[in-house]
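Structure record follows, encoded as structure tokens.
The values are calculated or read from the model by the stated rules, or taken from the named source; none is laboratory data. No experiment lies behind these values; they were computed from the predicted model shown. Cβ atoms come from the backbone with ideal geometry, glycine included; neighbour counts cover every protein chain shown. Heads up: the accessible areas ignore ligands, DNA and RNA and are worked out on the full protein's heavy atoms, side chains in. Shrake-Rupley method; radii C 1.70, N 1.55, O 1.52, S 1.80 Å.
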Amino acid sequence: MRRKIIAGNWKMNKNLSESINLISGIKNGLPQNVSAEVIVCPPFTSLETVHSLIEEVPVHLGAQNMYFENSGAFTGEISADMLKSVGCEFVILGHSERRHIFGETDEIVNKKIKQAVSNGLKPIFCVGETLEERENGKEFDVIENQITSGLAEISGDDFNKIVIAYEPVWAIGTGKTASPGQAQEIHKFIRELISKLYSQIQAENVRILYGGSVKPNNAADLLSQPDIDGALVGGACLQAESFLQIIEAAG
Ligand code: 13P
């Protein structure tokens, strides 16, 4: 049985006081026996404070990005060790906004994944096709390429620390969700690919999240698909109430 994950990617939203409000709302509304693994990914500036506020509750901390070097003259960048030191367990890597706005290549994403796992952080490794790629029938090729390049030289042991997120670019922030069937088809394809790259058991154990306009009104349908093991939520995680409703939909 794969335990579902509900992760909130706050993106570039919430200053410190807004972050405190949001995490307090999530904390207060969290069901007693929450069945999903809940992860919040605030901006860097709020990580330490949010960490101090979730110590007593079953909420895990993730960052939204990091650099692949240990330390040094990389102005503006954040290392894996820095993230660990403020309580991060997870880090989102390869998000489509990093790929498309900031020019991150598969090679960069691969270096970041290696750096994260070797420093004890669990990557939430994002992949997804653009609308144009889907319209040209290239979605499976694109996903296969992103997965194989992103996981290049990642050992079986290290792979076990990784969570995969399928986020079709055309569904992010657009209100246009992949249908449960469309998402399931890609998730199944990713699981089969993992079975070829690693093993059947690892394919059965890896958690594959769906992201892209997940809302309280569509979460249950998506999460009931056999290969969808959770959600990476953007817009709907910025209000405690809607994030909590998605957490409940996973239960
Ligand atoms: P939205 O839920 O706003 O579409 O964002 C999805 C996403 O990019 C999560 O990482």
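On the basis of being in a loop (DSSP other than H, G, I, E, B) and open to solvent by less than 10 Å² (accessible area, probe 1.4 Å), does residue 12 make the cut? For residue 12, the condition - in a loop (DSSP other than H, G, I, E, B) and open to solvent by less than 10 Å² (accessible area, probe 1.4 Å) - is not met. Does residue 86 meet the test of being away from the ligand (no atom under 16 Å from the Cβ), among the aliphatic types (A, V, I, L, M) and out of contact with any strand residue (DSSP E or B) (no Cβ under 7 Å at 6 or more places or on another chain)? Yes; evaluated as a whole, the condition is true for this residue. Name the residue that is farthest from the chain's Cα centre (by Cα), counting only residues in region 114-132 that are under 16 Å from residue 167 (Cβ atoms) and open to solvent by less than 60 Å² (accessible area, probe 1.4 Å). The extreme case among them is 130.
Confirm whether residue 101 is out of contact with any Gly (no Cβ under 8 Å at 6 or more places or on another chain), buried (at least 20 other Cβ atoms within 10 Å of the Cβ) and not hydroxyl-bearing (Ser, Thr, Tyr). Answer is no for this residue. Residues that are surrounded by 14 or more Cβ atoms within 10 Å (Cβ to Cβ) and in contact (Cβ under 8 Å) with a residue 60 or more places away in the chain do not occur anywhere in region 72-87. Sub-8 Å Cβ pairs linking a first residue in region 226-251 that is among the polar types (S, T, N, Q) to a second residue that is within 14 Å of the ligand (Cβ to nearest atom), at least 6 apart or interchain, are 242/215; 242/216; 242/236; 245/216; 245/219, ordered by first then second residue. Looking only at residues in region 156-190 that are within 11 Å of the ligand (Cβ to nearest atom) and aliphatic (A, V, I, L, M), the one that is surrounded by the most Cβ atoms within 10 Å (Cβ to Cβ) is 165. Every condition in (1) part of a loop (DSSP other than H, G, I, E, B); (2) in contact (Cβ under 8 Å) with a residue 60 or more places away in the chain; (3) not aromatic (Phe, Trp, Tyr) holds for residue 176 except the one numbered (2). Residues in region 226-238 that are more than 12 Å from the ligand (Cβ to nearest atom) and open to solvent by 10 Å² or more (accessible area, probe 1.4 Å) were compared, and the one that is nearest to residue 91 (Cα to Cα) is 227.
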